[in-house]
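The next block holds one structure in the form of structure tokens; read it before the comments.
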Amino acid sequence: MFTHYLKTAYKVFLRRKFFTGISLFAISFTLIVLMVVVSFIDHTFGAMAPEKKLDRMLGVFIMTMRGENMIMSSGPGYGFLDRYCRNIPGVEKISFCTEPRLAQSYWNGEKIKSELKRTDGAFWEILDFTFLEGGPYSDTDDRNAAAVAVINEATRRKFFGGESAVGKTIEADGQRFRVVGVVANVPVFRRMSYADIWVPNSTIKSPGYKTETLGPFNALILARSRADFPLIKSEFASRARQAELPDPKQFQTLAGEAETFFEFMSRILNGGPEWEQSRPNRLMFALLLGMGLFMMLPAINLINLNVSRILERSSEIGVRKAFGASSWTLVGQFVAENVLLTLVGGLIGFVGAILTLRAITESGVFPYADFQMNYRIFTYGFGLTLFFGLLSGVYPAWKMSRLHPVKALKGGTR
Amino acid sequence: MIKHYFKLAWNKKRANFLVMVEILAAFLVVFAVATLATYSTNNYRQPLGYEWNDIWVIQIVPPNTRSASVSSSGSPDPKAPDPVEVAKIEKIRQMMAAIREIDGVEIVSAANSPAFGNSTNTHNHMKDGKLVAYEIDRVTDSYKDVMKFQVVRGRWFSAADDGVSFQPVVISQNAAEEWFPGADPIGQDISDPNDKVTPQRVVGVISAFRKNGEYPSAANFVFERARLDMTNRRNWAPNWLVVRVRPGTTAATEEQVLRRLQMEGKDWSFEIQRMDRMREEANRPYRILLTGATVLAGFLLLMAGLGLTGVLWQNVTQRTREIGVRRAQGATIRDIYLQILGELLFLTTFGVSIGVLIVIQFPILKFIGFVSNGVYLIGIGVSLVAIYLLTLLCGLYPSWLATRVQPAAALHCD
């Protein structure tokens, strides 16, 4: 029976190539756009090297200090983190690192711009970098203020051409570092790990950072398991509340949260750091709503096309009804036909999305971005395809099933 | 005649409803893109007010300070100058004197939030029942010559202001027009009357200052005089040097400047950027957004257009007999054209009317405050023209098909 439907669908599609063409164009174009969007979202929030353990990770990205007439928002400072956050229960490892900063080097008369991130040793244990040569530096290196650096592949090329870099010295922002490791490039979307050059925290030029409450730092927390998240969050929040502040006359309270990157982004997009509550559901809703709105025009377009094509097939429907096919059977058949068409469109869409993503990767607009198809994007894409097929197929199918057999046989429409 | 089209369209309201929704959706898409494009071109054509060529912007980060965003509400208590701040200002003076010596460096100035730098300082207060909102920067006297501002009224501040009892400020033309319409802005005070500090008095007006480049809309801008030879509590250390260099100055000079700065401030950090590059970077997201939105809208419209053509085509085939009867009764080819296109235009008008009703809420309710009503009106106008053109184009082929109907053949077929 099913093969019979398939055959009918195939014949119908071939009979009006113009219509089939328009439908396929609409479906595949819509899916290309949606899949590119999904892939951007996945590259920003999904677990991907070097942040492979993202599902067990929390971060402290921003904190707020309040006084009577001053509010100050910034990343946490090393002083606060070191004093209060070393032994939070449920935490397997914690790392303190700065946000990347632009660092300039002059090398053989040329200027090299890099993003420089300062980290501790635990950073390399929490994140899974791919080392091309050498290895990371350790907490001991950090304690001894060793002038060592890990660089990425692009930086190695800029400084040393294609040659091996380990053991050689580079210069950045007026400081000299001995290269101990080279890692594969990290895309700009990986907010926690992205940089060109990584060096120990203790190489910061002046030691004042060790006492700062707010500063340029982030904390990366690797929990034992996801189940420990609530415990870690509440423990961190209460430690922030109880922390001793440097200038109690100016600022009285400190607030901050350990949160996932998605929660952090929804906090920022929701009105900035002073917004007390992060509302991840809202960001999710906004994303879904945006995609839904975008799908609206193509879906209506497809519904319209489908509805008008039904009329062409009214005699077929009349015959089937007259021979006892129920409305449900007909609905099922038509929806299945539409989903089949959508799947073909989805296939074209996948190929198109892969090509588009490759073009974006090669355009170099996003540093080190490498948009690859992965199983998550594939799953979402497949889900979107099915959803789109159902969305655009159900109403026309319902309409078709309502045709009166006698009228349908006569070729009427109402 | 129009009543007749209305009746014909009304009789098929179910089928036509979906077509109308499609036209509505297409209208909304065009409106969004047209408004965005109008807004951007409108902004792009306004003068920037400065020349960004051959300017280097140097961020100077003193030891042990954070890259924090501070927002103050109300003014801090008056207190004696902070010794740390005094030392910083002294150091910056030395740095400025040092790089002025370098060959290729023409004018050196200092600022707190220079053009294209990512820091902004906004201020707002109520004065005479009106909200006075502006962006403010404290700059040294030489900033005008570095940026090549055009003073249209009054004068730029200078050493002549050393002894005055007020804080001299220069405002942008748009601020002058908004705050003192029809009056002479020179000599007016702009500061908050509740604020017990030295009043800010306007001494000059410059043609424009659009800090973040061509695409964003212009904010009211106020320049306050920064003095590096005197320290009172309102005089904090600037964190950027803005330098005009001789055209054609290369990276070698840049390195020289950096080395001099590093010599002066051993534990400071410096970033030298060229303003032309910063402008490129600032403009890039807008270009990507505009191109992306236009391409997407283009494809969406193409798809909707093809879909609409398909639906109309199908409608015409469906109505062969009706058209045959009309032809037999003496309707001319022109009449048939008019009928098909007339019905379509009726539908379009209905769809876009609802669309206009929806989008007119934007200017009425001021959803997006910084977009002016004129921009919305142009956006609506452009989208109306585009949608009517699109539907006409889609109707041409199907209505031509309708005129090819032979009355005799149409009446015979069953």
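The values are calculated or read from the model by the stated rules, or taken from the named source; none is laboratory data. Keep in mind that this is a model prediction, so the values were computed, not measured. Neighbour counts run over all protein chains shown; Cβ positions are idealised from the backbone, glycine included. Surface accessibility is based on the protein's heavy atoms, side chains included, excluding ligands, DNA and RNA. Shrake-Rupley method; radii C 1.70, N 1.55, O 1.52, S 1.80 Å.
How many residues are out of contact with any helix residue (DSSP H, G or I) (no Cβ under 7 Å at 6 or more places or on another chain) and of a type outside the set (G, A, S) if we restrict to the range B:368-391?
Let us first name the residues in the range B:368-391 that are out of contact with any helix residue (DSSP H, G or I) (no Cβ under 7 Å at 6 or more places or on another chain), namely B:369-370, B:372, B:374, B:377, B:381, B:385, B:389.
Filter once more, so that each one left must be of a type outside the set (G, A, S): B:370, B:377, B:385, B:389.
Selection size over the range B:368-391: 4.
Could you run through the range A:140-182 and say how many residues are touching a helix residue (DSSP H, G or I) at 6+ places or on another chain (Cβ under 8 Å) and in contact (Cβ under 8 Å) with a residue 60 or more places away in the chain?
Of the residues in that region, 2 qualify.
The rows are residues; the columns are (1) over 30 Å from B:L24 (Cβ atoms); (2) free of Cβ contacts under 8 Å to residues at least 12 places away in the same chain; (3) open to solvent by less than 70 Å² (accessible area, probe 1.4 Å).
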residue	(1), (2), (3)
B:F221	yes, no, yes
B:L228	yes, no, yes
B:K266	yes, yes, no
B:A297	no, no, yes
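Determine whether the range B:133-142 contains at least one residue that is closer than 14 Å to B:S207 by Cα and part of a loop (DSSP other than H, G, I, E, B).
Within the range B:133-142, the first condition is being closer than 14 Å to B:S207 by Cα, and the residues that meet it are none.
No: zero hits.
Can you find a residue in the range B:158-177 that is of a type in the set (F, W, Y), touching a residue at least 24 places away in the same chain (Cβ under 8 Å) and part of a strand (DSSP E or B)?
Here is the first cut: in the range B:158-177, the ones of a type in the set (F, W, Y) are B:166.
Filter again for touching a residue at least 24 places away in the same chain (Cβ under 8 Å), leaving B:166.
Next cut, part of a strand (DSSP E or B) only: none.
Looking through the range B:158-177, none of the residues is of a type in the set (F, W, Y), touching a residue at least 24 places away in the same chain (Cβ under 8 Å) and part of a strand (DSSP E or B).
Has the range A:227-241 got any residue that is over 14 Å from A:I62 (Cα atoms) and within 10 Å of another protein chain (Cβ to nearest Cβ)?
No, the conditions are met nowhere in the range A:227-241.
Please specify each residue of the range A:206-220 satisfying the condition of being in a loop (DSSP other than H, G, I, E, B) and either open to solvent by 20 Å² or more (accessible area, probe 1.4 Å) or more than 10 Å from chain B (Cβ to nearest Cβ) (or both). Before the answer, list the steps.
In the first step, residues of the range A:206-220 are kept if they are in a loop (DSSP other than H, G, I, E, B); the result is A:206, A:212-213, A:216.
Within the range A:206-220, A:P216 is the sole residue that qualifies.
Has the range B:357-366 got at least one residue that is closer than 22 Å to A:P298 by Cα and assigned to a helix (DSSP H, G or I)?
Here is the first cut: in the range B:357-366, the ones closer than 22 Å to A:P298 by Cα are B:358-359.
After this cut, where a residue has to be assigned to a helix (DSSP H, G or I) as well, the list is B:358-359.
Yes, the range B:357-366 contains at least one residue that is closer than 22 Å to A:P298 by Cα and assigned to a helix (DSSP H, G or I).
Which of the strands (runs of 3 or more DSSP E) contained wholly in the range A:101-191 include at least 1 residues that are within 14 Å of chain B (Cβ to nearest Cβ) and open to solvent by 20 Å² or more (accessible area, probe 1.4 Å)? Spell out the reasoning first.
Working: elements: A:101-107, A:110-119, A:131-134, A:148-152, A:169-172, A:175-183.
Correct list: A:101-107, A:110-119, A:175-183.
Regarding B:L344, is this residue at pLDDT 85 or above and part of a helix (DSSP H, G or I)? Can you show your working first?
Values: at pLDDT 85 or above: yes; part of a helix (DSSP H, G or I): yes.
The answer is yes for B:L344.
Restrict the check to the range B:279-295 and report whether at least one residue is among the polar types (S, T, N, Q), open to solvent by 40 Å² or more (accessible area, probe 1.4 Å) and out of contact with any strand residue (DSSP E or B) (no Cβ under 9 Å at 6 or more places or on another chain).
yes
Yes/no matrix, rows are residues, columns are (1) over 26 Å from A:I300 (Cα atoms); (2) open to solvent by less than 60 Å² (accessible area, probe 1.4 Å); (3) in contact with an Asp or Glu (Cβ under 8 Å, 6 or more places away or on another chain); (4) modelled with pLDDT of 90 or more:
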| residue | (1), (2), (3), (4) |
| --- | --- |
| B:A26 | no, yes, no, yes |
| B:E51 | yes, no, no, yes |
| B:R66 | yes, no, yes, no |
| B:E85 | yes, yes, no, no |
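State which residue is farthest from B:A408 (Cα to Cα) when the search covers only the range B:314-331 and only residues that are buried (at least 21 other Cβ atoms within 10 Å of the Cβ) and touching a residue at least 60 places away in the same chain (Cβ under 8 Å). Step through it out loud before you land on a result.
Just the residues of the range B:314-331 that are buried (at least 21 other Cβ atoms within 10 Å of the Cβ), to begin with: B:314, B:316, B:323, B:327.
Adding the requirement that they be touching a residue at least 60 places away in the same chain (Cβ under 8 Å) leaves B:316, B:323, B:327.
Details: B:V316: 17, B:I323: 11, B:R327: 9 Å.
Only one residue tops the list, namely B:V316.
Considering each of A:V307, A:V331, A:V319, A:V344 in turn, give the residue that is within 14 Å of chain B (Cβ to nearest Cβ) and among the aliphatic types (A, V, I, L, M). Lay out the reasoning, then the answer.
On the way: A:V331 fails: within 14 Å of chain B (Cβ to nearest Cβ); A:V319 fails: within 14 Å of chain B (Cβ to nearest Cβ); A:V344 fails: within 14 Å of chain B (Cβ to nearest Cβ).
Checking each option against the conditions leaves just A:V307.
Give the range A:192-205 a look and list any residue that's hydrophobic (A, V, I, L, M, F, W, C) and open to solvent by 20 Å² or more (accessible area, probe 1.4 Å), or say none.
A:I204 - this is the single residue of the range A:192-205 that is hydrophobic (A, V, I, L, M, F, W, C) and open to solvent by 20 Å² or more (accessible area, probe 1.4 Å).
For the subset of the range B:159-176 comprising residues that are open to solvent by 30 Å² or more (accessible area, probe 1.4 Å) and at pLDDT 90 or above, which member is farthest from B:F370 (Cα to Cα)?
B:Q173
Report, by residue number, each residue of the range B:382-397 that is surrounded by 13 or more Cβ atoms within 10 Å (Cβ to Cβ) and under 25 Å from the mean Cα position of the chain (by Cα).
Across the range B:382-397, the qualifying residues are B:V382, B:S383, B:L384, B:A386.
When both residues are 6+ apart or on different chains and their Cβ atoms are under 9 Å apart, which pairs have a first residue that lies in the range B:101-117 and is more than 18 Å from B:I60 (Cα to Cα) and open to solvent by less than 10 Å² (accessible area, probe 1.4 Å), and a second that is in a loop (DSSP other than H, G, I, E, B) and among the small types (G, A, S)?
Sorted first by the residue in the range B:101-117, then by its partner, the pairs are B:G104/B:G248.
Between residues in the range A:290-303 that are within 7 Å of another protein chain (Cβ to nearest Cβ) and residues that are part of a helix (DSSP H, G or I) and among the polar types (S, T, N, Q), which pairs lie under 9 Å by C-beta distance while being six or more apart or on different chains?
So the pair list comes out as A:L297/A:T30; A:P298/A:T30; A:P298/A:S392; A:I300/A:S392; A:N301/A:S23; A:N301/A:S392; A:I303/A:S392.
Table: residues versus (1) assigned to a helix (DSSP H, G or I); (2) modelled with pLDDT under 80; (3) surrounded by 17 or more Cβ atoms within 10 Å (Cβ to Cβ).
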{"site": "A:Y368", "(1), (2), (3)": "no, no, yes"}
{"site": "A:Y380", "(1), (2), (3)": "yes, no, yes"}
{"site": "A:G389", "(1), (2), (3)": "yes, no, yes"}
{"site": "A:S392", "(1), (2), (3)": "yes, no, yes"}
{"site": "A:P396", "(1), (2), (3)": "yes, no, yes"}
{"site": "A:A408", "(1), (2), (3)": "yes, yes, yes"}
{"site": "A:G412", "(1), (2), (3)": "no, yes, no"}
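Would you be able to tell me the number of residues in the range B:187-219 that are at pLDDT 90 or above and open to solvent by 60 Å² or more (accessible area, probe 1.4 Å)?
Number satisfying all stated conditions: 1.
Does the range B:346-353 contain at least one residue that is within 23 Å of the chain's Cα centre (by Cα), over 18 Å from B:L8 (Cβ atoms) and open to solvent by less than 60 Å² (accessible area, probe 1.4 Å)? So that I can check it myself, show each step before the final result.
First, the residues of the range B:346-353 that are within 23 Å of the chain's Cα centre (by Cα): none.
The answer is no; no qualifying residue exists.
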